[in-house]
Amino acid sequence: MMLTLIKEQTTDEYDQIMKAKYGSMERLEKQLEKTHENILYAELNNWKLLLQDPEEPIKVKEIIITDNLNIGENELEILNFIKNGKPRSIREIALKIKKDPANTTNKINHLAKEGLISFEKGVKNSKIPVLNYDKIEIAI
């Protein structure tokens with residue numbers, strides 16, 4: 001099964017990510033001169049092109065290939081709630097969707113293991129599930 005995770009970003013958001021990753025375009029150019037890595041060349045060219053048309057939205061795609069993912073109605077409900085409900089904890093998700101907290105925790109941990117969600121640190125060691133994508137395409 002192949003999953004394509006898609007997130008739309010503004011050029012400004014992409015520019016901030018690239019600055020956080022490389023410092024500046026000049027530093028990336030210097031790094032490229034030293035290493036000649038294809039990925040750096042692609043990122044530099046993308047960065048330059050995107051800054052030429054700052055109004056154009058950017059679709060960032062990540063592809064995951066897996067044989068372990070089992071997405072059913074419960075998993076879709078969890079993903080939908082994480083995306084739209086902005087929960088502060090796994091327990092909150094279980095309460096809102098009226099499911100067993102232990103079972104919900106297992107499902108959420110499996111979704112995280114497969115790369116569909118990530119966690120931010122919450123209060124009192126709680127984990128806040130986050131869905132960083134606007135769209136998930138599944139190819140079987």
Every listed condition ((1) more than 29 Å from K96 (Cβ to Cβ); (2) out of contact with any Ser or Thr (no Cβ under 8 Å at 6 or more places or on another chain); (3) open to solvent by 50 Å² or more (accessible area, probe 1.4 Å); (4) not aromatic (F, W, Y)) holds for N70 save (1)
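Tell me, which residue of region 120-140 that is assigned to a loop (DSSP other than H, G, I, E, B) and within 16 Å of the chain's Cα centre (by Cα) is nearest to N80 (Cα to Cα)? Full working, then the answer.
Residues of region 120-140 assigned to a loop (DSSP other than H, G, I, E, B): 122, 126, 131-134, 140.
Pick out the ones that are also within 16 Å of the chain's Cα centre (by Cα) and you get 131-134.
On the way: L131: 9, N132: 12, Y133: 11, D134: 11 Å.
Across region 120-140, the extreme among qualifying residues is L131.
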When restricted to P57, P87, the only residue touching a strand residue (DSSP E or B) at 6+ places or on another chain (Cβ under 7 Å), modelled with pLDDT under 90 and at negative phi is P57
The residue that is most open to solvent (accessible area, probe 1.4 Å), considering only those in region 1-46 that are outside any helix (DSSP H, G or I), more than 15 Å from K61 (Cα to Cα) and not polar (S, T, N, Q), is H36
- Message: Checking the structure you have, find out if any residue of region 102-119 is in a strand (DSSP E or B) and under 23 Å from Q9 (Cα atoms).
- Response: yes
**OP:** Can you confirm whether region 16-24 contains a residue that is within 29 Å of A139 (Cβ to Cβ), without any contact (Cβ under 8 Å) to a residue 24 or more places away in the chain and touching a strand residue (DSSP E or B) at 6+ places or on another chain (Cβ under 9 Å)?
**Re:** yes
Over region 73-84, the set of residues open to solvent by 90 Å² or more (accessible area, probe 1.4 Å) and of a type outside the set (S, T, N, Q) is E73, L76
Expected single match for without any contact (Cβ under 8 Å) to a residue 24 or more places away in the chain, out of contact with any helix residue (DSSP H, G or I) (no Cβ under 7 Å at 6 or more places or on another chain) and among the hydrophobic types (A, V, I, L, M, F, W, C) among A139, A94, A102 is A102
Looking across region 85-126 at residues that are among the polar types (S, T, N, Q) and more than 27 Å from I65 (Cβ to Cβ), the single one that is surrounded by the most Cβ atoms within 10 Å (Cβ to Cβ) is S89
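The values are calculated or read from the model by the stated rules, or taken from the named source; none is laboratory data. Note that the structure is predicted; figures quoted are calculated from it, not measured. Positions of Cβ are backbone-derived with ideal geometry, glycine not excepted, and every protein chain shown enters the neighbour counts. Note: areas computed on protein heavy atoms with side chains; ligands, DNA, RNA excluded. Shrake-Rupley method; radii C 1.70, N 1.55, O 1.52, S 1.80 Å.
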